[in-house]
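One structure is given below, encoded as structure tokens.
The values are calculated or read from the model by the stated rules, or taken from the named source; none is laboratory data. All of these numbers come straight from a predicted model, not from anything done at the bench. Neighbour counts are summed over all protein chains in view; Cβ atoms, including those assigned to glycine, are modelled from backbone coordinates with ideal geometry. We work out accessible area using only protein heavy atoms, side chains counted, and drop any ligands, DNA or RNA first. Shrake-Rupley method; radii C 1.70, N 1.55, O 1.52, S 1.80 Å.
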Amino acid sequence: MQKRIPLLLVSLFVASSMAWSQTIVGVVLDGQGDALPGAFVTGIGAGDKIIGITNSRVDGSYSLDLTGWAGTSVDLRCSYIGMEKAEKSLGVLSAGQTYTQNWNLEESAELIGQVVVSAGRFEQSANEVTVSIDVIPPRIVESRGTTTLETALEMNPGVTFVNGEPQIRSGSGFSYGAGSRVMIMVDDLPVLSGDAGRPTWGFLPVENIEQIEIIKGASSVLFGSAALSGVINVRTRFPDARPLTRINVQHGVYSNPRSGQAKYWKGAAQQSNVRFLHSQQLGSWDVVIGGNFLGDDGFLAPEDVEANDAANFRFQPWKVDRYGAEYRARLNANIRKRESNVSGLTYGLNTNWQLGESLNTLIWQNAPDSIYGAFDGAATRTNQLIGTVDPYIQYLSPSGIRHNLRTRWQYLNNDNDNDQSNGSHVFYGEYQVFVNGDRWNIPGLKITTGIVNLTALSRAELYSGGSSDGNNSATNQSAYVQFDQSIGERFKLSGGGRYEHFTVNGSSAGKPVFRLGGNYQLAEATFLRSSYGQGFRFPTIAERYIRTGLGALQIYPNEELRPEYSWSAEIGLKQGFKVGPFAGFLDLALFRQDFRDFIEFTFGPWGPDEDEQPNEGNAYGLGFMSVNTGGSRVTGGEVSINGRLQLDRIRIDVLTGYTYTNPVSTSPGFNYNPDTTSNYEATYYGTSHDTTGLILKYRSPHVFRFDAQISGAKWFGGLSARYQTNLRNFDQAFIAFEENPAISGINWGARVWLEQNPSLPWVMDARFGREWSNGHKITLIVNNIANAEYAIRPMSMEAPRLTTLMYTYEIN
């Protein structure tokens, strides 16, 4: 009898539990009836509160326990990568009831269902944002054999590069790698260096990309000072229920330059690249491990031609003996505790480290015979170590408030061979809170607010100009808030403000900035948007304190450099279309951005005459310096198409666009020489090569991009095209310097090159490949098919044809 009592109690407990439990069961399938393992099924209660979440099993089945939510009205949501999200209403749950809900998810059109985070710091449809935002899908990165993200980003309309420096809609020029006006981020964390404010492109994780989001226009309210002209945010993938392992191995050969006389060495330059990724869920943990190993000869001349004759020349991927050559090795790991003992708590740690060596030059030796050589003193050999450690924690409270704390330590050490070594530590922390307005009975309201602290400590021979001894520090504190409000079903209103305060070596400034935007759905697939935003950028350590030289060319510091300000406005229309089997979106935008105290890297007699300081090696004080050049304005328009043609056995994805900009100086007569005791007047007119239309330096008014990929059951292929007009205006110094009889030893041939090459060519790339059902894939990639020979910036050649064979093996 005594043994029966515990058994009776257990039976009563189980019966009681079953009476109060509520379970949702079902299966998740795709449009063809195949199981989708790893799909997310989420239970949503009042106030959009998550009350339960689970993953489907290998056979697509799932079971969602919602015990304790009897009497609650519940909605179910089902999502899977690459599929359209679905939602069902269960109504009010009854105690002890088991519900069945099956799902058949349709393949997403990607472009129609694009979800972005960067525009408002929360997930929202790309159609409903109030600013211009483009999404680069991972296929652009993966299918092109990308070794650095520049080659993928340059396929986006409105994005161009000058010697690795990004421009969005002509918002910036050439600045010798200091002071970006485009914020570069990975998973919402900035990756710009603490001293120069520039990215290391090869450091970004090309092997693990979910998508790349590009915001165009002033975005300082949400992303801070460097987002004066826009944001590039790389979003990485998290694992799902199916483990993923991918390995890419590729090898390429550069073609000989088109002009035979320019190649005075023997042998062919080559490139090898290996990257890998493993992504897996281990219980309640998400684990991602990736890496990349690159050996690249570059396409320029050998540093020592005699050592690279036919007898000795061979590909050595870890040897850097040519201008433009580099090797690098990178490893990264991400871990995340997806579920913990505290409901709603998620935490993790991401880390990424890269070691490499490179030999780069900014100026060729001379044209036309040595355009692939290096001007004496203009080459720098760098041994680099860069790394980040990013702990983070996120908590979704029972009341639906999301708290997010993200931190980063970024280390950079550039050991250079010409007294230009520099290193920095960056300590970044951001605490963000997201609140849904339903808690105050204000439906459609979303509030995002946060505080940011950044401290950069720099030690550098390179940044020891002016009063600096090479040990520099910079701090930035800011606070921001943004309100997003849905008014009815068609109108979205967004607005916010930010206050930023900067201090660099004791010099400080602060300013509030604001933004406002709206999006109105005119019809089922027609969205009209407009926005206004302000920007504020404080000069970097490099811009204020750099002191170095490139042979006879000197670069001077400017401690009097002031912050620059801007505002931008835009009106745009996104129109969905479907013409037979071709569907997509057409996007039109008109924009304007005005700058005050605009910072430009400009040539002039900024330093002392060499007769006064003969050991400086300068030429009569001539050189470059960052200066406030007064006012400027960029106006223009952009049109882009993102579409898909779906046939029975073939799918064609198209991304294309054209951007026109008119970047002009609004104060061409302004004297921006900071030395008020000097007789030299530095103006736009006096420092520019071509002042027609008052166009700013280092800008391309016309930019066209096109990419199409054809995918079949086994075969695939793609074609890319890019074109931009030449940089009509640049520093007149590049011409005047070599033609000055008082300066000897300079014979760049810049004028001759420009006369013989008045325009830039169309550059075409192609790819073709086959994949097998067991995970193997082979791709042949040819970049610069016509082997065009061109220089976007004067005296800096671009790459000739590169033919690459890439092998990919994927287990999923």
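A single member of A474, A479 is of a type outside the set (V, I, T) and open to solvent by less than 30 Å² (accessible area, probe 1.4 Å), and it is A474. Screening N208 with (1) open to solvent by 10 Å² or more (accessible area, probe 1.4 Å); (2) touching a strand residue (DSSP E or B) at 6+ places or on another chain (Cβ under 8 Å) gives one miss only, at (1).
A quick yes/no check of all residues on (1) in contact with a Phe, Trp or Tyr (Cβ under 8 Å, 6 or more places away or on another chain); (2) over 30 Å from S175 (Cβ atoms); (3) free of Cβ contacts under 8 Å to residues at least 12 places away in the same chain:
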{"site": "K574", "(1), (2), (3)": "yes, yes, no"}
{"site": "L588", "(1), (2), (3)": "no, yes, no"}
{"site": "D597", "(1), (2), (3)": "yes, no, no"}
{"site": "F601", "(1), (2), (3)": "yes, no, no"}
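Would you confirm whether any residue within the range 414-434 is within 24 Å of the chain's Cα centre (by Cα), hydrophobic (A, V, I, L, M, F, W, C) and under 30 Å from E303 (Cβ atoms)? The answer is no, given that none of the residues of the range 414-434 is within 24 Å of the chain's Cα centre (by Cα), hydrophobic (A, V, I, L, M, F, W, C) and under 30 Å from E303 (Cβ atoms).
Looking at the range 706-715, can you tell me whether even one residue there is modelled with pLDDT of 90 or more and closer than 19 Å to E798 by Cβ? Within the range 706-715 (the criterion being modelled with pLDDT of 90 or more and closer than 19 Å to E798 by Cβ), the answer is yes, since at least one residue qualifies. Here is the figure for the range 413-434: residues that are touching a His at 6+ places or on another chain (Cβ under 8 Å) and of a type outside the set (F, W, Y) total 2.
Residues checked against (1) open to solvent by less than 60 Å² (accessible area, probe 1.4 Å); (2) among the acidic types (D, E):
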position	(1), (2)
A708	yes, no
A721	yes, no
D731	yes, yes
I785	no, no
L802	yes, no
E810	no, yes
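Given the structure, is T602 in a strand (DSSP E or B), at pLDDT 90 or above and among the hydroxyl-bearing types (S, T, Y)?
Against the criterion (in a strand (DSSP E or B), at pLDDT 90 or above and among the hydroxyl-bearing types (S, T, Y)), T602 does not qualify.
Looking only at the range 66-74, decide whether some residue is closer than 23 Å to G31 by Cβ and in contact with a strand residue (DSSP E or B) (Cβ under 8 Å, 6 or more places away or on another chain). No, the range 66-74 contains no residue that is closer than 23 Å to G31 by Cβ and in contact with a strand residue (DSSP E or B) (Cβ under 8 Å, 6 or more places away or on another chain). Where strands (runs of 3 or more DSSP E) fall wholly inside the range 619-723, no range has 1 or more residues that are over 32 Å from the mean Cα position of the chain (by Cα).
Can you work out which of the residues in the range 163-177 that are in contact with a Phe, Trp or Tyr (Cβ under 7 Å, 6 or more places away or on another chain) and assigned to a loop (DSSP other than H, G, I, E, B) is surrounded by the most Cβ atoms within 10 Å (Cβ to Cβ)? By that ranking, first place goes to R169.
Residues are listed down the side, and each one gets a yes or a no for (1) buried (at least 19 other Cβ atoms within 10 Å of the Cβ); (2) of a type outside the set (D, E, K, R); (3) touching a strand residue (DSSP E or B) at 6+ places or on another chain (Cβ under 8 Å):
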| site | (1), (2), (3) |
| --- | --- |
| S340 | no, yes, yes |
| A367 | yes, yes, no |
| P391 | no, yes, yes |
| R402 | no, no, yes |
| L405 | no, yes, yes |
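So, in the range 761-775, of the ones that are over 25 Å from the mean Cα position of the chain (by Cα), open to solvent by less than 60 Å² (accessible area, probe 1.4 Å) and not basic (K, R), which residue ends up farthest from P800 (Cα to Cα)? Within the range 761-775, the match that is farthest from P800 (Cα to Cα) is G775. In the condition set (1) in contact with an Asp or Glu (Cβ under 6 Å, 6 or more places away or on another chain); (2) open to solvent by less than 30 Å² (accessible area, probe 1.4 Å), G295 is compliant with all but (1). So how many residues does the range 252-269 have that are at pLDDT 90 or above, crowded, with 18+ Cβ neighbours inside 10 Å and not in a loop (DSSP other than H, G, I, E, B)? Summing the residues that are at pLDDT 90 or above, crowded, with 18+ Cβ neighbours inside 10 Å and not in a loop (DSSP other than H, G, I, E, B) in the range 252-269 gives 2. Scanning the range 662-714 for residues that are among the aliphatic types (A, V, I, L, M) and on the phi < 0 side of the Ramachandran plot yields V664, A682, I695, L696, V703, A708, I710, A713.
Taken over the range 73-85, residues that are at pLDDT 85 or above and surrounded by fewer than 18 Cβ atoms within 10 Å (Cβ to Cβ) amount to 3. Among residues of the range 652-674 that are β-branched (V, I, T), those with a beta-carbon under 6 Å from a residue that is part of a loop (DSSP other than H, G, I, E, B) at least six positions away or on a different chain give the pairs T659/P157; T659/G158; T661/R169; T661/S170; T661/P701; T666/G631.
With the structure loaded, tell me whether G217 is farther than 22 Å from E638 by Cβ and touching a residue at least 40 places away in the same chain (Cβ under 8 Å) or whether it fails that test. In short, no. Counting the residues of the range 532-562 that are open to solvent by 20 Å² or more (accessible area, probe 1.4 Å) and on the phi < 0 side of the Ramachandran plot gives 10. Being open to solvent by less than 30 Å² (accessible area, probe 1.4 Å), small (G, A, S), under 25 Å from A525 (Cβ atoms) and modelled with pLDDT of 85 or more holds for only one residue in S108, S132, S118, S143, and it is S132. Among all positions in the range 499-513, there is no residue which is over 23 Å from G224 (Cα atoms) and either part of a loop (DSSP other than H, G, I, E, B) or modelled with pLDDT under 90 (or both).
Of all residues in the range 53-69 being part of a loop (DSSP other than H, G, I, E, B) and crowded, with 17+ Cβ neighbours inside 10 Å, which is modelled with the highest pLDDT? The qualifying residue modelled with the highest pLDDT is L66. Hey, any hits in the range 213-225 for a residue that's within 21 Å of R144 (Cβ to Cβ), open to solvent by less than 10 Å² (accessible area, probe 1.4 Å), not small (G, A, S) and not in a loop (DSSP other than H, G, I, E, B)? Yes, some residue in the range 213-225 is within 21 Å of R144 (Cβ to Cβ), open to solvent by less than 10 Å² (accessible area, probe 1.4 Å), not small (G, A, S) and not in a loop (DSSP other than H, G, I, E, B).
For the residues T200, T160, the requirement of being open to solvent by 20 Å² or more (accessible area, probe 1.4 Å) and not charged (D, E, K, R) singles out T200. Residues that are loosely packed, with under 15 Cβ neighbours inside 10 Å and farther than 25 Å from Y499 by Cβ do occur in the range 417-426. For the range 465-479, a residue qualifies if it is at pLDDT below 85 and either touching a strand residue (DSSP E or B) at 6+ places or on another chain (Cβ under 8 Å) or not charged (D, E, K, R) (or both), and the qualifying residues are G465, G466, S467, S468.
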